[in-house]
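S.K.: Pasting a structure below so you can have a look.
The values are calculated or read from the model by the stated rules, or taken from the named source; none is laboratory data. Treat the numbers as computed from the prediction; the structure is a model and nothing was measured. Because the Cβ atoms are built from the backbone with ideal geometry, glycine has one as well, and the counts that use them run over all protein chains shown. The area values use the complete protein model at the heavy-atom level, side chains included, leaving out ligands, DNA and RNA. Shrake-Rupley method; radii C 1.70, N 1.55, O 1.52, S 1.80 Å.
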Amino acid sequence: MSIDVLNESEHDVDELELLGCARYVLEQMRVHPEADLCITLVDEPAMEVLHVQWMDLPGPTDVMSFPMDELRPGTEGVDPEEGALGDVVLCPSVAARQAAEAGHAPIEELLLLTTHGILHLLGYDHAEPDEEREMFELQRQLLLTFLATRNRPAG
């Protein structure tokens with residue numbers, strides 16, 4: 001699995017933690033082991049440009065996803081497709097504000113947004129109430145199980 005984490009922001013972010021979360025989510029979703037993913041961290045002006053250009057919405061946002069080959073989660077007994085999953089773009093300063101409002105650490109917000117962005121790349125959405133329930137429950141399960149296993153000693 002090829003996962004690149006590019007920090008183009010001025011924030012100091014634990015890139016290995018984001019990489020670990022992305023790898024965990026992709027494995028749990030049975031994405032092809034040769035799939036490509038890029039996670040890019042940008043500052044607010046760059047995120048605002050993307051937000052206006054692609055969503056026609058003002059201001060920066062926390063996460064945006066740009067699917068490439070429209071890969072979908074694998075299923076039991078069916079080989080997943082190989083290809084480029086796409087790009088997840090995160091804005092650490094927006095994430096830090098959201099983390100403060102929610103009462104948790106900025107890295108936890110970035111892990112949540114990474115999971116959220118990957119699910120969007122895999123075709124999940126939250127435009128309709130049923131879709132939102134499904135996506136957010138899956139997001140919650142993935143993030144909680146990653147957080148529960150991330151600090152366990154090997155062996």
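S.K.: Looking at Val63, Val94, can you tell me which residue is of a type in the set (Val, Ile, Thr), more than 15 Å from Leu143 (Cβ to Cβ) and in contact with a helix residue (DSSP H, G or I) (Cβ under 9 Å, 6 or more places away or on another chain)? Give the derivation first.
M.R.: Working: Val63 fails: more than 15 Å from Leu143 (Cβ to Cβ).
After ruling out the rest, the residue left standing is Val94.
S.K.: Could you check segment 32-68 and list, in sequence order, the residues that are in a loop (DSSP other than H, G, I, E, B) and surrounded by 15 or more Cβ atoms within 10 Å (Cβ to Cβ)? Lay out the reasoning, then the answer.
M.R.: We begin by selecting, within segment 32-68, every residue in a loop (DSSP other than H, G, I, E, B); these are 32-35, 42-43, 56-62, 68.
Across segment 32-68, the qualifying residues are His32, Ala35, Val42, Asp43, Pro60, Thr61, Asp62, Met68.
S.K.: Further question: Looking at segment 69-100, which of its residues are crowded, with 18+ Cβ neighbours inside 10 Å and touching a strand residue (DSSP E or B) at 6+ places or on another chain (Cβ under 6 Å)?
M.R.: Across segment 69-100, the qualifying residues are Leu71, Leu85, Gly86, Asp87, Val88, Val89, Leu90, Pro92.
S.K.: Go through (1) more than 23 Å from Leu144 (Cβ to Cβ); (2) open to solvent by 80 Å² or more (accessible area, probe 1.4 Å) and name the single condition Asn7 misses.
M.R.: Of the numbered conditions (1) more than 23 Å from Leu144 (Cβ to Cβ); (2) open to solvent by 80 Å² or more (accessible area, probe 1.4 Å), the odd one out for Asn7 is (2).
S.K.: So, one more: Restricting to segment 32-75, what's the tally of residues that are in contact with a Leu (Cβ under 8 Å, 6 or more places away or on another chain), modelled with pLDDT under 95 and of a type in the set (A, V, I, L, M, F, W, C)?
M.R.: Residues in segment 32-75 being in contact with a Leu (Cβ under 8 Å, 6 or more places away or on another chain), modelled with pLDDT under 95 and of a type in the set (A, V, I, L, M, F, W, C): 3 in total.
S.K.: Which of the residues belonging to segment 39-71 are farther than 20 Å from His11 by Cα, in contact with a Pro (Cβ under 8 Å, 6 or more places away or on another chain) and touching a residue at least 24 places away in the same chain (Cβ under 8 Å)?
M.R.: Result: Leu71, single match.
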